[in-house]
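Presented below is the structure to which this report refers.
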Amino acid sequence: MTYSKEASFLAPEEKNIGVITLNRPDVLNALNTEILSELDDSLEEIRRDETVRVVVITGAGRAFSAGADLREVETLDETGVKTFIELGQRVFDKTENFDKPVVAAINGFALGGGLGLALACDVRIASEDARVGSPEVVVGLIPAWGVAVRLPKVIGRGRAAELILTGGQISAKEAERVGLVNKVVPANELRSSVMWTAGTIATKAPIAVKLSKKIVAKATEIDMDEGNKMMTDACLTCFKTEDFKEGAKAILEKRTPQFKGK
């Protein structure tokens, strides 16, 4: 898997959005060792690419991802399963803690590990025909790729427990209602909506965006005193950047700022 650079709809002259497409449409982009390793490699490539400011993750065909590839899981022994679980956890943790914002374009089924990957993203936008769920208990497993921990933080313990313990699925509209996705759009508008959102983020000051993302990610785990310290430190860091000087000057001059991430 490689990523492609896309031009932002907001600023088409700037190619600053990296798009990663899970590309196993014949099996609804089921996640095996190969595709997880390629996702890991693509994130590393994007990390080194200073021209990319925002990442979009989506799936080819009619699914974001249907989750772990059970055909591979069935061939593994206990040691192999442990290695497979830890690989998915590591890649999804990397996605969540990535130093550039990550937007999930949920273009169909996001089930099990597919939901886990979407939850590791900062923003989730779904097409109207998308369905999300955590069906692991249906096959006698538990959601080991982050869903059991991340989902309660997003939609609350009760709703998360219902979805996980029943192994059920919900519609995109219901996912939006409970706060699992940020927005639901018609299928033919998904790409433009995602790229508009990613493009909007990409025009903002990269250092400020990066530090804001880190604080938001910790918000449910820290008290206000620790949060105040994080915000003060981050704001002082931003205050010393060239981007802040450029942003303030642009506001006063009534023009669009040109941020350099410095």
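How large, in Å, is the stretch 171-256 by the Kirkwood hydrodynamic radius built from its alpha-carbon pairs? All intermediate terms of the calculation are to be shown ahead of the outcome.
On the way: mean 1/r = 0.0636 Å⁻¹.
Taking the inverse mean of 1/r over all distinct Cα pairs, the stretch 171-256 comes out at 15.7 Å.
Have a look at G140, G61, G227 and tell me which one the Gaussian network model of the chain (Cα, springs below 10 Å) gives the largest fluctuation.
Comparing G140, G61, G227 in the GNM, the peak value goes to G140.
In whole angstrom, how far apart do the alpha carbon centroids of the stretch 214-248 and the stretch 135-201 sit?
Between the Cα centres of the stretch 214-248 and the stretch 135-201 lies a distance of 28 Å.
Can you tell me, using C-alpha contacts under 8 Å and at least 6 residues apart, the relative contact order of the chain as a whole percent?
Values: 476 pairs, mean separation 42.8, N = 262.
It rounds to 16 percent for the chain.
Cross-link candidates for K153: which lysines have Cα within less than 23 Å, leaving aside residues fewer than 8 places away along the same chain?
K94, K100, K173, K183, K210, K213, K214, K218, K229
Defining a contact as two alpha carbons under 8 Å apart and six or more residues distant in sequence, what relative contact order in percent does the stretch 83-228 show? Kindly include the intermediate steps, with their values, before the conclusion.
Details: 209 pairs, mean separation 35.4, N = 146.
In percent, rounded to a whole number, it is 24.
Measuring from the lowest to the highest alpha carbon on each principal axis, how far does the stretch 206-253 reach, largest first, in angstroms?
Result, largest extent first: 39, 16, 14 Å.
By count of other Cβ within 10 Å, fewest leading, how are M224, M231 ordered? Walk me through the numbers before you get to the answer.
On the way: M224 8, M231 14.
Fewest to most other Cβ atoms nearby, the residues stand as M224, M231.
Can you give the translational diffusion coefficient of the stretch 47-152 in µm²/s, computed by Stokes-Einstein from the Kirkwood radius over Cα pairs at 37 °C and 0.692 mPa s?
Numbers: Rh = 14.4 Å.
Roughly 228 µm²/s, to the nearest whole number.
So which GluC sites (Glu not before Pro) in the stretch 169-257 are both in a DSSP loop and have at most 13 other Cβ atoms within 10 Å of their Cβ?
On the way: sites: E174, E176, E189, E221, E226, E242, E246, E253; in loops: E221.
Sites meeting the loop and neighbour criteria: E221.
Take E246 and R177, extend 7 Å from each Cα along the Cα→Cβ direction, and tell me the distance between the two endpoints in nm.
With each label point 7 Å from Cα toward Cβ, the separation is 4.5 nm.
Within the stretch 136-151, what residues put their amide N at less than 11 Å from the label point 7 Å along the Cα-to-Cβ vector of L70?
Flagged as within label range: 136-141.
Can you give the translational diffusion coefficient of the stretch 3-202 in µm²/s, computed by Stokes-Einstein from the Kirkwood radius over Cα pairs at 37 °C and 0.692 mPa s? Write out the running numbers ahead of the final one.
On the way: Rh = 16.7 Å.
My calculation gives 197 µm²/s for D.
Among W196, W145, what is the fewest-to-most ranking by other Cβ atoms within 10 Å? Provide the component values of the computation, followed by the final result.
Details: W196 15, W145 29.
Ascending Cβ contact count within 10 Å gives the list W196, W145.
Taking 7 Å along the Cα-to-C-beta vector as the label spot, tell me the N23-A60 distance in nanometres, rounded to one decimal.
If labels sit at N23 and A60, their model points lie 0.5 nm apart.
Taking all pairs of different Cα atoms in the stretch 37-91, averaging 1/r and flipping that mean, what Kirkwood radius in angstroms comes out? Please list the in-between numbers first.
Values: mean 1/r = 0.0743 Å⁻¹.
Evaluated over the stretch 37-91, this radius sits at 13.5 Å.
Quick note: the coordinates plus some simple rules give every number you see, no bench work behind them. A quick note: this is a predicted structure, and the numbers were derived from the prediction, not measured. Positions of Cβ are generated from backbone atoms using ideal geometry, with glycine treated the same way; all protein chains shown enter the neighbour counts.
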